[in-house]
Every structure is written in C-alpha cells, then in structure tokens.
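Asker: Okay, here's the structure, questions in a sec.
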Amino acid sequence: MTDGLSIPRPGEPGGPWLEVGDRVFTKRYRFFDQQIGVVLGRDAALVIDTRLTHRQAREILDDLRDLCSPRVGIVVNTHGHYDHAFGNRVFRPAVIWGHERCRTMILETGEAQRARVTTELPDLADDLAAVELDPPDRTFTDRAVLDLGGREIELAYLGRGHTDNDIVIRVPDADVLCAGDLLENGAPAEFGDGYPLDWPATAEAILALTGDRTVVVPGHGDHAGRAFVEASLAGFRDVAALARRVAAGELDLEAALAIGPWPGEPSREPLERGLAQLRGELDGTGAA
Ligand SMILES: [Zn+2]
C-alpha cells in the first residue's frame, strides 16, 4: 500500500499497468482495490471486467493508452456483480463475454444491485443512475475458447462459488489465470451471493489449472501464485466444514465464528450462507 507521498509502483493499488505475463497486463485500481486485466492480441485487446460506473470504465479506456493498445475487441465479465460489469456499455462495440447466468444475473438483479450500491455509496449516486446495464451478448455454459488475433484465450466455468456464474480466464501462452472474485487477496472472500458448500470444489479446480509458475490474478488485491490458491482453498474448506458441524449440532454458531478462517464477524456471513445452503434454501441444493 502507498502512503500518499510515494509514487505507486506497478502492481500496487493506483499504480500503472503491470505486465504479469507476455502481453498480459493488470492494473490495481484504488477503488475497491480492484484488478482489471488486459490481454493484447495482434489487432485487438481483451479487457477483463469493467468496474462499476461509466466514469470508472472510461478511466480504464484512458489508461489503456499507456499500453499503446489497439482497440478493445472483447470484454469478459468474470461474473455479474456491479463492480465487474456495470461499465460494460462504455466498451461497445466490443463483444462482451460471460457465463450464461452472468447475463441472467445482470438482467434479473441489475436494478436491485444498483439500488443497493446507491444506498451504500451515496457519493456515486449520479454515476450509478447513469449506468446503462449492458449484459454479455456472448455466453457459454462450461468452456469457450476465444481467438484474440493469434492468441487463444480460454474461459472456463468451474462450479459455483462467489456466485453461480463465476468464470476463470486463462491465457495459456503466458501462464496467467484470472479468477475474478473466486479468489480475493488481502480481504475475506465475499459470500453474500455465494455457495459455501460448492466453493471448495471450485477452488480445487482452479488449483488443478495452476502450475508452479502460474500467475494468479484475483478480482481484488495483489496477484499471486499457487500457494495463494492453496491458502484460499483451505479457508473455503474450513467454512464448509464448520457450517456442517454447526448444522449437525456439534458447535454453536458463535463458537464456529471464533475458529473460522476469518475469526469473528467476517466469518458470520460465510457460515450463515453455508447453513442456508445446508437447509436447502439456495436452489434446493443443500442436501448434498
Ligand atoms: Zn463479486
């Protein structure tokens, strides 16, 4: 983190673009400590996630000039949350890719997300009101391979976790994996729309795609490697196991909070959401 006096370096919040792999760049925006990714192809750029207002999205476009980048031909939404997709409109006429339920999430919950975030961030009320919701027009179910002018980009749905529509983006020739909010670095994972019983298997699938040299880019916080994925997976397993113990009557919720992966209150929502899933309240899948 910076103290406001020193100039941020590549990879720091507010810093310039960092080349994390061959012609794969990330930039950590101070707002929400969000990671935006850019993959450069021969004649077009691919942008991963679009931030939460058109003003913030235009900031990405302005910053892209630092890369002397070609036009943005493809946008990918890692999932349908406002801070990853509300800026989509600014990137048209690019095509926008996402999981089929990412599109559904934006269409069905976009206005509710706008209302909630406007309450939480009143300073951004005008900018949020100006957002034109523009969900992905190119969707897939399990896997898609995009041709970015001689480079292949893989989109993969690995299971439910942070939402029911998170995907990972892999750039195989650069050994970079962007995980969206399936992984967060430096802050507890966000379970508000999450599936705590599914998340461990999804994180295992990410780990299976992660080699010793793979650069892993989370949705928020610093990029990292395989050890970070392993540590995150351990936390998700803890949440699922603790929720099962509470549901079985072995522990009460307060005792579980004290030994959760994020001790105290930060573990409350993950555990309560896990208990809801065990009760079958999330799509009736809790019996698994
Ligand atoms: Zn999210």
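The values are calculated or read from the model by the stated rules, or taken from the named source; none is laboratory data. The shown structure was predicted, so the numbers you read here are calculated from the model rather than taken from an experiment. Quick reminder, even Gly has a Cβ in these numbers, built from the backbone with ideal geometry, and neighbours come from all protein chains shown. Surface areas here come from the heavy atoms of the whole protein model, side chains and all, with no ligands, DNA or RNA. Shrake-Rupley method; radii C 1.70, N 1.55, O 1.52, S 1.80 Å.
Asker: Check ASP181: other-chain or 5+ apart residues with amide H under 5 Å from its amide H, H built from backbone geometry?
Answerer: GLY219
Asker: From the alpha carbon gyration tensor of the stretch 227-267, can you work out the equivalent ellipsoid semi-axes (sqrt of 5 times each eigenvalue) and give them in Å, largest to smallest?
Answerer: 20, 12, 5
Asker: Now for a separate question. Using the heavy atoms of the protein chains and a 1.4 angstrom probe, tell me the accessible area per residue for the chain in square angstrom.
Answerer: 43 Å²
Asker: Hey, if you put +1 on the Cβ of every Lys and Arg and -1 on every Asp and Glu Cβ in the chain, which of GLY249, GLY73, PHE25 ends up farthest toward the positive end of that dipole?
Answerer: Working it through, the farthest residue towards the positive pole turns out to be GLY73.
Asker: Specify whether the C-alpha gyration tensor of the stretch 107-242 places it in the rounded, prolate or oblate class, a ≥ b ≥ c being the square roots of the eigenvalues: rounded for a/c under 1.5, otherwise prolate if a/b is larger than b/c and oblate if not.
Answerer: oblate
Asker: Using a cut-off of 13 Å between beta-carbons, work out the net charge of the residues near ARG143 (Lys and Arg +1, Asp and Glu -1, ARG143 not included).
Answerer: The answer is -3.
Asker: For LEU133 and ASP212 in one chain, what is 0.36 nm times their gap in residues minus the Cα-Cα distance, to one decimal in nm?
Answerer: Full extension from LEU133 to ASP212 adds 24.6 nm.
Asker: Give me D for the stretch 76-185 in µm² s⁻¹, whole number, from Stokes-Einstein with Rh from the Kirkwood sum over alpha-carbon pairs, 37 °C and 0.692 mPa s.
Answerer: Diffusion coefficient, whole number: 224 µm²/s.
Asker: Can you compute the equivalent ellipsoid semi-axes for the stretch 4-138, i.e. the square root of 5 times each eigenvalue of the Cα gyration tensor, sorted largest first and rounded to whole Å?
Answerer: Calculated on Cα positions only, the semi-axes equal 24, 19, 12 Å.
Asker: Same structure, new question: In the stretch 63-129, which trypsin sites (Lys or Arg not before Pro) are in a loop and have at most 13 other Cβ atoms within 10 Å, using DSSP for the loop call?
Answerer: Sparse-neighbourhood loop trypsin sites (Lys or Arg not before Pro): ARG71.
Asker: May I ask for the angle, rounded to the nearest 10°, between helix 268-278 and the longest principal axis of the chain, with both axes built from Cα atoms and the value confined to 0 to 90°?
Answerer: 70 degrees
Asker: If one takes the longest principal axis of the Cα atoms in the chain, at what angle in degrees, from 0 to 90 and to the nearest 10, does the Cα axis of helix 226-247 lie?
Answerer: Helix 226-247 and the main axis of the chain meet at about 30 degrees.
Asker: Dividing the alpha-carbon Rg of the stretch 1-63 by 2.2 N^0.38 Å yields what?
Answerer: Against the empirical 2.2 N^0.38 Å value, I get 1.13 for the stretch 1-63.
Asker: Summing -39500 (n - 2.57) over the DSSP H runs of n ≥ 4 in the chain and dividing by its residue number, what mean residue ellipticity at 222 nm do you reach, to the nearest 500 deg cm²/dmol?
Answerer: -9500 deg cm²/dmol
Asker: Pull up the DSSP beta bridges for the chain and report the antiparallel fraction as a percent, rounded to 5.
Answerer: Among the beta bridges of the chain, antiparallel pairing accounts for roughly 65 percent.
Asker: A further question follows. I want to check the label-to-label distance for ALA115 and ASP283. Put each point 7 Å from Cα in the C-beta direction and report it in nm to one decimal.
Answerer: Simple spin-label model gives 2.4 nm for this pair.
Asker: How many percent of DSSP beta bridges within the stretch 1-110 run antiparallel, rounded to 5?
Answerer: 65 percent
Asker: Relative to the longest principal axis of the chain, what angle (0 to 90°, nearest 10) does the C-alpha long axis of helix 100-120 take?
Answerer: 80 degrees
Asker: Could you work out Rg/(2.2 N^0.38 Å) for the chain, with Rg from alpha carbons only?
Answerer: The value comes to 0.98.
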